[in-house]
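Worksheet: one structure, shown below.
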Amino acid sequence: MAKLRILLADDHTLVRQGLRKLIEARPEWEVVAEAGDGREAVRHALELKPDVAIVDIAMPLLNGIEATRQIVRRASEVRVLVLSMYPDEAYITQVMQAGAAGYLLKDSADTDLTQAVTAVAQGKSFFSPAIAKTMLDAYVRHLAERGITDRYDALSEREREVFQLIAEGRSNKQIAELLFLSVSTVETHRAHIMEKLDVHSAAEMVLYAVRKGVIR
């Protein structure tokens with residue numbers, strides 16, 4: 001069985017060493033490269049095509065958000081997990097827009113790293129609990145400012161089924177096979193769900209699903 005290949009990018013050597021120790025405690029995982037700045041992180045990601053790139057948000061030469069954007073655009077098969085000290089809404093929004101699959105706070109990395117890497121490697125999203133709460137609070141505030149109530153009740157039974165499967169990280173093809181639908185029908189359901197819930201990405205759908213208790 002092939003090992004899960006991981007790239008570590010952080011400008012602090014001690015942080016990288018700590019993450020490497022956690023990762024290499026699992027025999028089925030391996031660190032294929034380390035980077036001390038954003039440009040080096042992008043170069044390693046493009047050359048080595050790791051399964052997961054753990055990228056610090058604050059790095060010299062090229063910050064983690066821009067590095068994430070470039071990796072996702074130029075090597076879409078690489079799943080990016082952003083590592084940060086900041087639970088601020090502005091950072092979270094930028095990270096999600098850059099295409100990261102997850103957002104892990106440094107102060108919870110020792111307890112959440114395994115879960116985060118596993119989820120991201122499986123094509124799912126991961127957010128540290130504090131991040132999920134920040135985004136959910138922001139979403140509720142956004143609805144309140146626009147005078148909108150929770151739109152989940154507007155989803156049809158089939159849309160709720162599709163919604164949960166999307167939130168679980170399943171692809172359109174997988175959903176189509178599970179529900180005996182065509183891929184185009186699933187894509188139509190996805191578009192309607194996003195419109196009804198006023199969400200704009202798969203990551204936002206995951207956060208919404210957590211808030212509603214659809215997934216944990």
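What follows is calculated from the coordinates using simple rules that are stated; it is not laboratory data. If you're wondering where the values come from, they're calculated on a predicted model, not measured in any experiment. As a convention, Cβ positions derive from the backbone with ideal geometry for all residues, glycine included, and neighbour counts pool all protein chains shown.
For segment 1-108, the normalised intensity computed at q = 0.20 Å⁻¹ comes to -0.98 (log10 of I(q)/I(0), Debye sum over alpha carbons, equal scatterers, no solvent). Centroid-to-centroid, using Cα positions, segment 1-52 and segment 58-75 are 15 Å apart.
Note on the chain: semi-axes of the ellipsoid equivalent to its C-alpha gyration tensor, largest first and rounded to whole Å, are 31, 20, 15. Sorting T188, T13 by the number of Cβ atoms found within 10 Å of their own Cβ, with the fewest placed first, yields T13, T188. Taking the longest Cα principal axis of the chain as reference, the axis of helix 89-98 is set at about 90 degrees. Between the Cα long axis of helix 13-24 and the first principal axis of the chain there is an angle of about 70°, rounded to the nearest 10.
Note on Q122 and H192: the model spin-label points, each 7 Å out from Cα along the C-beta direction, lie 2.9 nm apart. Computed packing ranks the peptides 189-201, 43-55 as 43-55, 189-201, most packed first, by mean other Cβ atoms within 10 Å.
Hey, what angle do you get for helix 38-48 against the long axis of the chain, alpha-carbon based, 0 to 90 degrees rounded to 10? Between the helix axis and the principal axis of the chain, the angle is about 80 degrees.
Modelled spin labels at S156 and K173, positioned 7 Å past Cα toward Cβ, are 2.6 nm from each other. Take the Cα of Y86, go 7 Å toward its beta carbon, and the backbone nitrogen atoms of segment 40-74 under 18 Å from that spot belong to 55-70. On the beta carbon distance between S184 and E30, with R0 = 35 Å, the FRET formula returns roughly 0.35.
Per DSSP H run of at least 4 residues, take -39500 (n - 2.57); add these up for the chain, divide by its residues and hand me the 222 nm value, nearest 500 deg cm²/dmol.
It comes out at -17000 deg cm²/dmol, rounded to the nearest 500.
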